[in-house]
Every structure is written in structure tokens, then in C-alpha cells.
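Chemist: Below are the C-alpha cells for one structure; questions will follow.
The values are calculated or read from the model by the stated rules, or taken from the named source; none is laboratory data. Computed from a predicted structure; not experimentally measured. Here the Cβ is made from the backbone with ideal geometry for all residues, glycine too, and neighbour counts use every protein chain on show. All accessible areas refer to the heavy atoms of the entire protein, side chains included, with ligands and DNA or RNA removed. Shrake-Rupley method; radii C 1.70, N 1.55, O 1.52, S 1.80 Å.
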Amino acid sequence: MSKDAAEIDGKGYWRAVLRLTLSLLTIWFMVSFGAGILFRDVLDQVSIGGAPLGFWFAQNGSIYVFVALIFYYCVAMRRLERKFGVKG
């Protein structure tokens, strides 16, 4: 069951898309810049596989989080498109 173009809440859809995008960008920033640079000294008190956690996030952890964010974005966008009746 699809909605006509007149029935689609365009403003609501874009507000939800922007909210999702900004949330994921915040997580991306906190993982890349925050864990790798800002909170490195605190995170380095813990080690994973013999490497300090701050170093691990800068080298490996951020990549894992980025890939997870891409998959989550795809799932969340599909959910939003169904909710607002947008054909993606």
C-alpha cells in the first residue's frame, strides 16, 4: 500500500532523516576524534590484546564502528521510507 505524493509528509520525513544523520555523525565524531584523540589518555588505561584502548580505537575500533554505522543507516533509512511512504 503506497501513499500518493500529496499524502507524504515531506517535512516530517526530512526532519527524521536529518535527526538520524546528525545522530550518526555525532557517534562518528565521538569515535574517530573523541576516542582516538580527545579521550585517548583515559582510554589508554585499558588495553585490548596488549594495545592501549585509545590506540586500538584510532587504528581498528573506529573502522568497525564506521561499518556498523553504515549498516545501521541502511536499515534505519528503509524503516523511515516505509513509515513515510517514500519509495527508495
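Chemist: Determine whether the range 22-38 contains at least one residue that is surrounded by 15 or more Cβ atoms within 10 Å (Cβ to Cβ), β-branched (V, I, T) and within 28 Å of E7 (Cα to Cα).
Modeler: no
Chemist: Only one residue in G50, G61 is at positive phi and out of contact with any Leu (no Cβ under 6 Å at 6 or more places or on another chain). Which one?
Modeler: Only one candidate passes the filter, namely G50.
Chemist: Okay, moving on. So which residues in the range 12-21 are open to solvent by 80 Å² or more (accessible area, probe 1.4 Å) and either modelled with pLDDT under 90 or farther than 13 Å from E81 by Cα (or both), if there are any at all?
Modeler: The first filter runs over the range 12-21 and keeps only residues open to solvent by 80 Å² or more (accessible area, probe 1.4 Å), leaving 14-15, 18-19.
Correct list: L18, R19.
Chemist: Out of the residues in the range 39-48 meeting the condition of being open to solvent by 60 Å² or more (accessible area, probe 1.4 Å) and assigned to a loop (DSSP other than H, G, I, E, B), tell me which one is nearest to R15 (Cα to Cα).
Modeler: F39
Chemist: Could you list, ordered by first residue, the pairs with Cβ atoms under 8 Å in which the first is in the range 54-67 and closer than 9 Å to V31 by Cα and among the aliphatic types (A, V, I, L, M) and the second is in a helix (DSSP H, G or I) and open to solvent by 70 Å² or more (accessible area, probe 1.4 Å), at least 6 apart or interchain?
Modeler: Partner pairs satisfying both residue conditions: A58/I37; A58/R40; V65/I27; V65/W28.
Chemist: Name the residues in the range 49-88 that are open to solvent by 70 Å² or more (accessible area, probe 1.4 Å) and not in a helix (DSSP H, G or I), would you?
Modeler: Passing the criteria: G49, G50, K87, G88.
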